[in-house]
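Right, one structure below, let's go through it.
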Amino acid sequence: VRGRHAAPKSRRTVGRWTAVAAREVGIVAAAVAVVVIAARLLFGQIAYVADDAMAPTLSPGERILVSPWGTPQAGDVILVSSREEWDVPADDAVVRVVAVGGQRVACCDESGGITVDGAPIEEPFVIGPTDQVTFDIIVPAGRVFVLTDDRSAARDSRAILDSAEGTVDLADVRGRVVAVVWPPRALGG
């Protein structure tokens, strides 16, 4: 026998189902958030290549995977906070590390190339001349000297030689570019 104040069975079932569904949706949403955060911490972030300064290695519009792990080394392609002087159409810029703290980087040798610690470096990926601006710098500890692969772009350390001798603080490095994720292809390939 039902009491006068008892809700009909169908309303209790709908209310209970709604509560269970809301709880389940909340659990799934929390699990997805945890997975996304963990993936970003483990694997890095996806970034967008905004311009052609890293051609032919990277092209405008490509999506790249940027790993936060490890300290950038000479030759690494990295994502850095864009400097105002670089006039980059994004908050971040993709550049290549040429020299790290303690190394001496200079332009140019007899062939117009870059030297690091007095030795010419091989840069088969470079297009355009490097020798528009000359420099001879010892990179301070905790900083890197960066150049673009398309040297005519000059959106790199050469544009900020008056500021910290053109070097970029490692704190401004977002991470190393480890893969091109869209369209899928090998980095530099």
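The values are calculated or read from the model by the stated rules, or taken from the named source; none is laboratory data. Every value quoted in this text rests on a predicted model; they were computed, and no experiment measured them. Note that each Cβ is placed from the backbone with ideal geometry, even for glycine, and that neighbours are counted across all protein chains shown. Each accessible area value is taken on the protein alone, full model and side chains, heavy atoms only, with ligands, DNA and RNA left out. Shrake-Rupley method; radii C 1.70, N 1.55, O 1.52, S 1.80 Å.
More than 15 angstrom separation, counting every C-alpha pair in the stretch 48-104; what % is that? Summing the P(r) tail past 15 Å for the stretch 48-104 gives 51 percent. Calculate the FRET efficiency for Val32 and Asp91 from the Cβ-Cβ distance with a Förster distance of 30 Å, rounded to the nearest 0.05. The pair Val32/Asp91 has a calculated efficiency of 0.70.
In order along the stretch 114-121, the phi-based Karplus estimate (6.51 cos²θ - 1.76 cosθ + 1.60, θ = phi - 60°) of 3J(HN,Hα) comes to 8, 10, 10, 6, x, 10, x, 9 Hz; Gly and Pro are listed as x. Taking all protein chains into account, the per residue accessible area for the chain stands at 58 Å² (1.4 Å probe). With coordinates expressed along the principal axes, the C-alpha atoms belonging to the stretch 60-146 extend over 37, 28, 25 Å, beginning with the largest. Per atom type, the chain shows carbon and sulfur on 58% of its accessible surface, probed at 1.4 Å. In the complete set of protein chains, residue-level accessible area for Arg174 is approximately 110 Å², probe 1.4 angstrom.
Full extension of the chain segment joining Val181 with Ala22 gains 53.7 nm, where the gain is 0.36 nm per residue of separation less the Cα-Cα distance.
Extent along the principal axes, Cα only, for the stretch 125-189: 38, 29, 15 Å, with the longest axis given first.
Rounded to the nearest 10 degrees, the angle from helix 9-43 to the longest Cα principal axis of the chain is 10 degrees.
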